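Read the structure below first, then the notes.
The values are calculated or read from the model by the stated rules, or taken from the named source; none is laboratory data. Please read these numbers as outputs of a predicted model, since none were measured by experiment. As a convention, Cβ positions derive from the backbone with ideal geometry for all residues, glycine included, and neighbour counts pool all protein chains shown. Accessible surface is based on the protein model in full, side chains and every heavy atom, while ligands, DNA and RNA are left aside. Shrake-Rupley method; radii C 1.70, N 1.55, O 1.52, S 1.80 Å.
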Amino acid sequence: MTWVGVMWGVAHVRRGGLWLLDLVLPPRCPGCGAIVGTLNSFCPPCWTSLDFLGHSGCESCGIPLEAIDHGTCAGCLARPPRIARTRAAVAYGDIAGSLAIRLKYGRKIALAKAMARYMLPLVGELPADALLVPVPLNRRRIAVRGFNQSLLIAREIGRKRGVRVAPRIIRRIRPTPPLKGMSFTERQKTVAGAFALAAKADIAGRTIVLVDDVLTTGSTAEACAQTLLRGGAARVELLCWSRVVRNPIFVR
Ligand SMILES: [Zn+2]
Ligand SMILES: [Zn+2]
């Protein structure tokens, strides 16, 4: 057997072994690693410390409503967002952030399944030709990381809900600096023109659900939505694992 053959064999057995381990080992909490009863579910302490957002927020942008708001927040009434409906499974915090970071940098790909599980109930009624589109990374970041974490989450949701995933419909045509600390207008300027529609993107009249792991300022997703709507999409929604809700930079 050649050296390449041996290496291939080792990789193959290891992969097979991992698959077997999945079947044999008890499921673990994606937050802390404690043994849990159900695959991709949190243990009681992690569950109680997570802030599940559900459908309680603004009908449009999803942020928690003030006592004086009725269905739609004051921000959305004053300036209707391009994204018709935004939902996130949990508020950003220690556990929510740790899942996103471990998926992104620790290559814990199984975490995408746990995130998707808690995002699934937030997928609204969708037309049969709706598409799930992960918010694209720039090519350099994909080259370093090897994958787009949002695509892994989108694939899992698409598989469970029977919605097509279309990762190549939009792409980043230039990298953008971190938007943290910028004003709303600065952020808009920074991300404007950062995305382009694929030449053969068939999105006319369709509903597109953007999928992302963490929603902070919302400017990146808004820029994606602008590109999609200009390209003929009928409606754009956004579905995230977690979002920053108590942060002044989120104020629109
Ligand atoms: Zn836990
Ligand atoms: Zn709103």
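Some points to look at:
- Tally of residues being outside any loop (DSSP other than H, G, I, E, B), over 21 Å from THR216 (Cβ atoms) and open to solvent by 20 Å² or more (accessible area, probe 1.4 Å) across the range 23-50: 8
- Among the residues of the range 52-102, those that are closer than 18 Å to LEU120 by Cα and within 16 Å of ligand 1 (Cβ to nearest atom) comprise PHE52, ALA89, VAL90, ALA96, LEU99, ALA100.
- Residue in the range 51-65 that is open to solvent by 90 Å² or more (accessible area, probe 1.4 Å), more than 8 Å from ligand 2 (Cβ to nearest atom) and over 23 Å from THR216 (Cβ atoms) present: no
- Some residue of the range 130-152 being of a type in the set (Phe, Trp, Tyr) and either in the same structural domain as VAL36 (by TED's automatic domain parsing) or more than 22 Å from ILE83 (Cα to Cα) (or both): yes
- Scan the range 158-188 for residues that are of a type in the set (Val, Ile, Thr) and either touching a Gly at 6+ places or on another chain (Cβ under 6 Å) or under 27 Å from ALA128 (Cα atoms) (or both) and the total you get is 4.
- Checked against (1) of a type in the set (Val, Ile, Thr); (2) over 22 Å from the mean Cα position of the chain (by Cα); (3) surrounded by 12 or more Cβ atoms within 10 Å (Cβ to Cβ); (4) within 16 Å of ligand 2 (Cβ to nearest atom), ILE68 meets all criteria but (3).
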